[in-house]
């Protein structure tokens, strides 16, 4: 069994894949999956023999969607992407994508108001 990790790498303007060489303490860079964006809270899932990658942006209101036939790519942006635009209530992912009765469900983080703030 292999373990993979997609850490936060928005400062590198990319989505990067790592593989465990000694789980859980040692990870090796495998490759850059997607370049050219400030992607955060990436969620990846294999569904109907394709890989799907939900990749929110640091603006917290946009959710691009990428897909590939193989985990290592090549990755392409979906023609309908972004699938969320201008909505800070649902764009940012929050955890893994779940499969239930042949449907995908994605947890979201409502960041309006921004995380860490409270209204009284």
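Applying the set (1) in a loop (DSSP other than H, G, I, E, B); (2) within 19 Å of residue 91 (Cβ to Cβ); (3) at pLDDT 95 or above to residue 74 leaves exactly one unmet item: (2). For the range 94-102, the criterion of being part of a loop (DSSP other than H, G, I, E, B), closer than 20 Å to residue 8 by Cα and under 13 Å from the mean Cα position of the chain (by Cα) is met by no residue. Give the residues of the range 7-58 that are assigned to a loop (DSSP other than H, G, I, E, B) and either touching a residue at least 60 places away in the same chain (Cβ under 8 Å) or touching a helix residue (DSSP H, G or I) at 6+ places or on another chain (Cβ under 7 Å) (or both), sorted by residue number. Correct list: 38, 58.
May I ask you to list the residues in the range 4-25 that are surrounded by 10 or more Cβ atoms within 10 Å (Cβ to Cβ) and over 13 Å from residue 44 (Cβ atoms)? So that I can check it myself, show each step before the final result.
Restricting attention to the range 4-25, the residues satisfying the condition of being surrounded by 10 or more Cβ atoms within 10 Å (Cβ to Cβ) are 4-10, 12-21, 23.
Matches in the range 4-25: 8, 9, 10, 12, 13, 14, 19, 20, 21, 23.
The values are calculated or read from the model by the stated rules, or taken from the named source; none is laboratory data. If you're wondering where the values come from, they're calculated on a predicted model, not measured in any experiment. So basically every Cβ, Gly included, is an ideal-geometry build from the backbone, and we count neighbours across all protein chains shown.
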